[in-house]
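The values are calculated or read from the model by the stated rules, or taken from the named source; none is laboratory data. Predicted model, so just to flag it, every value in this text is computed and none were measured. Counting neighbours? That spans all protein chains shown, and the Cβs are built from the backbone with ideal geometry, glycine included. To get the accessible areas, we keep the full protein, side chains included, count just its heavy atoms, and leave off ligands, DNA and RNA. Shrake-Rupley method; radii C 1.70, N 1.55, O 1.52, S 1.80 Å.
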Amino acid sequence: RLQESRERLSVCSKVCYAVGGAPYQITGCALGFFLQIYLLDVAQLDPFYASIILFVGRAWDAITDPVVGFFITKTSWTRFGRLMPWIIFSTPFAVISYFLIWFVPDISRGQVMWYLTFYCIFQTLVTCFHVPYSALTMFISREQSERDSATAYRMTVEVLGTVLGTAIQGQIVGKVVTPCIESPVFIEKTNSSVAMEELNMTHDTESLTDTRNAYMIAAGVIGGLYILCAVILSVGVRERRESSELQSDKPVSFFRGLKLVMNHGAYIKLIAGFLFTSLAFMLLEGNFALFCTYTLGFRNEFQNVLLAIMLSATLTIPLWQWFLTRFGKKTAVYVGNSSVIPFLILVAVRDCNLIVTYIVAVAAGISVAAAFLLPWSMLPDVIDDFKLQHPDSHGHEAIFFSFYVFFTKFTSGVSLGISTLSLDFAGYQTRGCFQPSEVNFTLKMLVSAVPVGLIVLGLLLFKLYPIDDEKRRKNKKALQDLR
């Protein structure tokens with residue numbers, strides 16, 4: 001009890017630790033929801049090139065995670081810690097590159113390379129922030145209950161970060177009417193006065209200058225928050241070297257450690273399950289703005305619908321923390337991920353009005369909260385289980401976290417690239433006021449049928465995951481004895 005008392009974290013420390021998770025989520029949410037529609041309708045790139053940027057950027061982001069994890073394991077301890085210097089020094093460069101992603105260069109050629117270059121640079125730098133921050137979970141306390149509590153704080157702030165990212169980006173950009181171009185084929189088919197009136201309106205607001213300025217203002221605000229959160233984390237959190245070390249620890253090489261990690265059954269099964277459920281929500285995130293704008297016809301409301309999703313997720317994080325404590329983490333996985341399925345099916349099978357859309361958004365937010373909280377709450381359990389099986393191996397926390405992120409990011413890059421390509425094949429009209437029926441059907445599949453299938457597959461794989469509440473309690477007791 002004396003040892004547990006010494007390992008307890010103050011509320012202030014937990015809050016400062018949690019604030020460090022906001023930059024990744026704020027920028028990630030802004031990019032996830034808005035980058036696709038920005039590249040297509042503001043930068044006016046061809047959907048084929050937009051799909052290349054989205055795929056290569058995400059794939060590069062995935063590759064950098066294990067690379068950064070490798071270099072972290074080779075980093076020596078300093079008076080600031082082993083992980084904190086990565087967070088501090090990457091921050092200013094990440095903010096600059098993030099701003100340049102949302103800048104439209106005045107060049108006729110080379111726009112694709114501009115966005116691809118700065119997107120990859122930012123993803124590298126934000127990885128240098130987020131991988132050590134994720135591994136920091138294992139260095140703030142040896143007590144599982146304290147880590148779980150700090151993770152709950154972190155997830156609350158991270159989902160709040162997604163709210164901020166959605167609100168800042170959506171509300172600033174949403175205040176400006178992005179001009180669209182009426183399809184000549186559509187006008188010829190309808191020959192209506194309403195269509196002609198809309199065409200005249202779009203010609204009157206042809207310039208995209210206001211929209212581009214709005215995106216840059218939003219990027220500046222988000223960049224300022226990024227720096228503020230990094231400062232709070234570095235000042236308010238103390239990295240404890242002894243928190244992850246056991247009495248019998250001996251250094252093990254990175255590649256041997258990687259082999260051990262990848263042969264750990266519980267880790268592979270956890271990754272397999274979360275890979276598909278996370279992919280479902282990433283597909284939903286990447287295509288939801290286009291879905292609201294064109295398929296549902298809520299061009300001036302989509303940013304508010306996105307905000308409803310993130311607000312719902314933020315408010316239900318404490319509920320899921322209570323639920324997993326009361327009923328177990330595996331039960332929370334099944335209930336949390338499956339609860340959104342009926343609402344996604346509802347979106348696909350019937351035309352939704354605005355009220356129904358907000359109901360679906362709130363339901364989706366409840367599942368998003370579970371998808372955010374549970375992986376980061378369950379990964380430390382897998383690491384504890386690994387330490388019991390390999391007591392002579394230590395310092396591999398970054399490998400566990402970075403390779404989990406690697407697999408989810410790489411597959412999300414593939415899925416977003418394929419989804420944007422599918423929109424191109426369906427006949428997506430850049431800056432169009434309306435889209436062909438094939439595009440609307442494709443968007444329905446991307447935010448409904450495909451995510452539902454991925455969630456079901458992920459939940460089936462979770463049945464193989466071996467660490468339940470009883471196993472966790474035994475591991476905790478065994479780790480205490482080993483220390």
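Please name whichever of Thr331, Met138, Phe118 sits farthest to the positive end of the charge dipole of the chain, dipole taken about the Cα centre and charges placed at Cβ: Lys and Arg +1, Asp and Glu -1.
Of the options given, the answer is Met138.
State in Å² the accessible area per residue of the chain; use a 1.4 Å probe, count heavy atoms of protein chains only, and round to the nearest integer. Don't skip to the answer; put the middle values down first.
Details: 19770 Å² over 483 residues.
So the chain comes to 41 Å² accessible per residue, rounded to a whole number.
Could you give me the percent of Cα pairs per 5 Å distance bin for segment 253-482, shortest bin first, beginning at zero and ending with the bin that holds the maximum distance?
1, 6, 13, 16, 17, 14, 11, 8, 6, 4, 2, 1, 0, 0
Rounded to the nearest 500, what is the chain's calculated 222 nm mean residue ellipticity when only DSSP H runs of at least 4 contribute -39500 (n - 2.57) each, over all residues?
Values: 20 runs with 364 residues, N = 483.
One gets -25500 deg cm²/dmol as the mean residue ellipticity at 222 nm.
Name the residue farthest towards the positive end of the dipole of the chain from the options Pro436, Gly161, Ala150, assuming +1 on Cβ of Lys and Arg, -1 on Cβ of Asp and Glu, about the Cα centre.
Working it through, the farthest residue towards the positive pole turns out to be Ala150.
Taking a ≥ b ≥ c as the square roots of the eigenvalues of the Cα gyration tensor of segment 1-153, is the shape rounded (a/c under 1.5), prolate (a/b larger than b/c) or oblate?
Working: a/c = 2.98, a/b = 2.32, b/c = 1.29.
Here segment 1-153 falls in the prolate category.
When the distances between all Cα atoms of segment 262-304 are binned every 10 Å from zero, what whole-number percent does each bin get?
26, 29, 21, 15, 9
Taking N as the number of residues in the chain, what is its Cα Rg relative to 2.2 N^0.38 Å? Display every interim value, and only then the final one.
On the way: Rg = 22.9 Å, N = 483, 2.2 N^0.38 = 23.0 Å.
Dividing the Cα radius of gyration by 2.2 N^0.38 Å gives 1.00.
Would you mind computing, in nm to one decimal, how far apart the modelled labels at Gln44 and Ile227 are, each placed 7 Å from Cα along Cα→Cβ?
Distance between the two pseudo-spin positions: 3.3 nm.
How many nm is it between the label spots at Phe425 and Leu354, if each spot is 7 Å from the Cα in line with the beta carbon?
Output for this residue pair reads 3.6 nm.
Which FRET efficiency value, to the nearest 0.05, is calculated for Phe80 and Phe255 with the Förster distance at 25 angstrom and r the Cβ-Cβ distance? Before the final figure, lay out each step's value.
Working: r = 27 Å, r/R0 = 1.09.
The pair Phe80/Phe255 has a calculated efficiency of 0.35.
Decide, for segment 276-349, between rounded, prolate and oblate: order the square roots of the alpha carbon gyration tensor eigenvalues as a ≥ b ≥ c, take rounded if a/c falls under 1.5, and otherwise choose prolate if a/b is larger than b/c, else oblate. Could the numbers behind the result be given before it?
Working: a/c = 2.70, a/b = 1.89, b/c = 1.43.
Prolate shape, in that a/c is at least 1.5 and a/b is the bigger ratio.
Quick one: angle between helix 354-389 and the longest Cα principal axis of the chain, in degrees between 0 and 90, rounded to 10, please.
Taking the Cα atoms of the chain, the angle to 354-389 is about 30 degrees.
Hey, what angle do you get for helix 47-73 against the long axis of the chain, alpha-carbon based, 0 to 90 degrees rounded to 10?
10 degrees
Suppose we look only past 14 Å in the calculated P(r) of segment 104-150. What percent of the Cα-Cα pairs does that tail hold? Present the calculation step by step, with values, prior to reporting the outcome.
Values: 702 of 1081 pairs.
Within segment 104-150, distances greater than 14 Å cover 65 percent of Cα pairs.
Which value in nm describes the separation of the simple spin-label points at Gln480 and Val56, placed 7 Å from the Cα toward the beta carbon?
Computed distance between label sites Gln480 and Val56 equals 5.4 nm.
Applying 1/(1 + (r/R0)^6) with R0 = 35 Å to the Cβ-Cβ distance of Leu457 and Asp106, what FRET efficiency is obtained, to the nearest 0.05?
Working: r = 46 Å, r/R0 = 1.31.
Calculated value: 0.15.
Mean separation of Cα pairs under 8 Å and 6+ residues apart, divided by the residue count of the chain: what relative contact order is that in percent?
Numbers: 708 pairs, mean separation 138.5, N = 483.
Taking the mean separation of contacting Cα pairs over the length of the chain, I get 29 percent.
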